Amino acid sequence: MARFELKLPKMGESVAEATITNWLKEVGDKIEADEAVLEIATDKVDSEVPSEVSGILVEQLFGKDDLVQVGQTIAIIETEGGETATPEAANTVQETAAPAEAAEIEKTIESVKETVTSQDFSGSDKFFSPLVKNIAKEEGLSLNELENIPGSGKDGRVTKEDILKYVEARKSGSIKAPQTVEVAPKVVAETPKAEAPKAVEPVVQKSQQAVPVSVNGGDEIVEMDRMRKLISGYMVASVQTSAHVQSFIEVDVTNIVKWRDKVKAAFEKREGEKLTFTPIMMEAVAKALKDFPGMNISVDGDYIIKKKNINLGMAAALPNGNLIVPVIKNADQLNLVGMAKAVNDLGNRAKAGKLKPDDTQGGTYTVTNVGTFGSVFGTPIINQPQVGILALGAIRKVPAVIETPEGDFIGIRQKMFLSHSYDHRVVDGALGGSFVKRVAEYLEAFDVDRDF
């Protein structure tokens, strides 16, 4: 028998860690090659970690809610000798020759585990998961407080639920905060006047947001799921970061509607893909971004980063009501067929929960289709660290003035609103308005005789 180390795989350039949300296999379970062993979550998507080999799960090195770095060993799988002859053989623990050597390996694993999980609050003899330590650090808990939180986990371990309940009780006043926290405002008050706002502002702001909520016996209390908590944090952070301003423009898309109605059956027959309005809109946005590269930027402190690639995010609603933004990479290099395939692929995998972490990374500008739900227009919140987001409103038949050489007359046209939110820190009205106007011009000048 040999022992194989299952490691947290690389999930994208900017993804360095993930949280274990559920173990699908328990110690002693038989595992087939490519079978999912556990579920993990990054700050964007949830995914599964499959086994590279067949064997028996003999050890779980991390528990539920633990934070794991990419490349760390998360489980040990006992395999037949031949199973370890893979390209990843260097990452395996070789067959043990004696009980003493096996005991030494187990000791080493435990030592590594303790090293990984003891980066903070190292003065304690108790084991705390990285997630618990991060929460404690963010909430300003002392080591003494953390050690005295009653744990409901295995061997009295403090779980995420335990520390969150403690923090909630601490904020409500039912548990008295330690003296070190009470004297902190006095220390801040004695600092130089110019530095005081930096230290005090976040505390004051947090206390102002704690508005009491009235609950009666007929109300149902439901905790936000992990993704909704992340979305909530992103939205609040974006509003606090960017100076949001909007520009709106109405677009006549009658020619686009007629062209799509004419070719959609042939398009699906030839390409095996449904042709929606979204790829047509995305194509126009990508062209406009090439014309106005000042919208394809991000902000880092006092610096502006001009993005080389045009990577379009497309906000997608999930079946559970949450939202995710998969990214079409190098969107300006795609023709309409390529754009349609990319839109459909990402949309379908988003709904099925099959997106990979890298599918949501690297966006430089975002488009959201609020018209899907009947909204005429909206004021979307910027997807940080981008500086703009475009909302596509519902296409409606409306009476409109039509100009002809013979004179003006009233006719029925297909129209929609484009709502452009942009960051006024770096994008002024001239650029923000000109960009959305250019998108409208591309849509209204759509060639009805074009091939797809």
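The values are calculated or read from the model by the stated rules, or taken from the named source; none is laboratory data. No experiment lies behind these values; they were computed from the predicted model shown. Glycine gets a Cβ as well: all are built from the backbone with ideal geometry, and neighbour counts include every protein chain shown.
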- Message: So for segment 318-336 (the condition being more than 17 Å from the chain's Cα centre (by Cα) and under 19 Å from V426 (Cβ atoms)), does at least one residue qualify?
- Response: no
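Taking segment 243-261 on its own, how many of its residues are assigned to a helix (DSSP H, G or I) and either polar (S, T, N, Q) or in contact (Cβ under 8 Å) with a residue 24 or more places away in the chain (or both)? Let's see the steps before the verdict.
If we filter segment 243-261 for residues that are assigned to a helix (DSSP H, G or I), which is where we start, we get 254-261.
Okay, now just the ones that are also either polar (S, T, N, Q) or in contact (Cβ under 8 Å) with a residue 24 or more places away in the chain (or both), so 254-259.
Residues that pass the stated criteria total 6.
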- Item | Residue that is nearest to L289 (Cα to Cα) [pool: residues in segment 358-376 that are touching a residue at least 60 places away in the same chain (Cβ under 8 Å) and assigned to a loop (DSSP other than H, G, I, E, B)] | T364
- Task: Kindly indicate whether S232 is modelled with pLDDT of 85 or more and out of contact with any Gly (no Cβ under 8 Å at 6 or more places or on another chain).
- Result: yes
- Just one of the numbered conditions (1) out of contact with any strand residue (DSSP E or B) (no Cβ under 7 Å at 6 or more places or on another chain); (2) farther than 26 Å from A18 by Cβ is not true of R349; which one? (2)
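Let me confirm something: among L323, L336, L392, which residue is in the same structural domain as H244 (by TED's automatic domain parsing) and crowded, with 21+ Cβ neighbours inside 10 Å?
Details: L323 fails: crowded, with 21+ Cβ neighbours inside 10 Å; L336 fails: crowded, with 21+ Cβ neighbours inside 10 Å.
Residue meeting the stated conditions: L392.
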- Query: Regarding G374, is this residue within 34 Å of the chain's Cα centre (by Cα) and surrounded by 14 or more Cβ atoms within 10 Å (Cβ to Cβ)?
  - Reply: no
- Query: What is the number of the single condition among (1) at pLDDT 80 or above; (2) surrounded by 14 or more Cβ atoms within 10 Å (Cβ to Cβ); (3) part of a loop (DSSP other than H, G, I, E, B) that I175 does not meet?
  - Reply: (1)
- Message: Could you tell me how many of the residues in segment 251-265 are surrounded by fewer than 16 Cβ atoms within 10 Å (Cβ to Cβ) and either outside the structural domain of V426 (by TED's automatic domain parsing) or closer than 18 Å to S375 by Cα (or both)?
- Response: 0
- Per the filter on segment 298-318, residues of a type outside the set (A, V, I, L, M, F, W, C) and not in a strand (DSSP E or B) are G301, D302, K307, K308, N309, N311
- Identify all residues within segment 30-82 that are exposed (fewer than 14 other Cβ atoms within 10 Å of the Cβ) and either more than 26 Å from the chain's Cα centre (by Cα) or β-branched (V, I, T) (or both); write none if there are none. K30, E32, A33, E80, G81, G82
- Specify the residue that is nearest to M1 (Cα to Cα); the eligible residues are those in segment 15-55 that are at pLDDT 90 or above and of a type in the set (K, R). K30
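Of A350, A391, which residue is of a type in the set (G, A, S), in contact with a Pro (Cβ under 8 Å, 6 or more places away or on another chain) and more than 19 Å from I249 (Cα to Cα)?
Values: A391 fails: more than 19 Å from I249 (Cα to Cα).
Result: A350 is the single residue among A350, A391 that is of a type in the set (G, A, S), in contact with a Pro (Cβ under 8 Å, 6 or more places away or on another chain) and more than 19 Å from I249 (Cα to Cα).
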- Item | Within segment 413-437, considering residues that are within 25 Å of the chain's Cα centre (by Cα) and within 15 Å of I304 (Cβ to Cβ), the one surrounded by the most Cβ atoms within 10 Å (Cβ to Cβ) | Y422
- Task: Answer yes or no as to whether G321 is among the small types (G, A, S), touching a helix residue (DSSP H, G or I) at 6+ places or on another chain (Cβ under 9 Å) and outside any helix (DSSP H, G or I).
- Result: yes
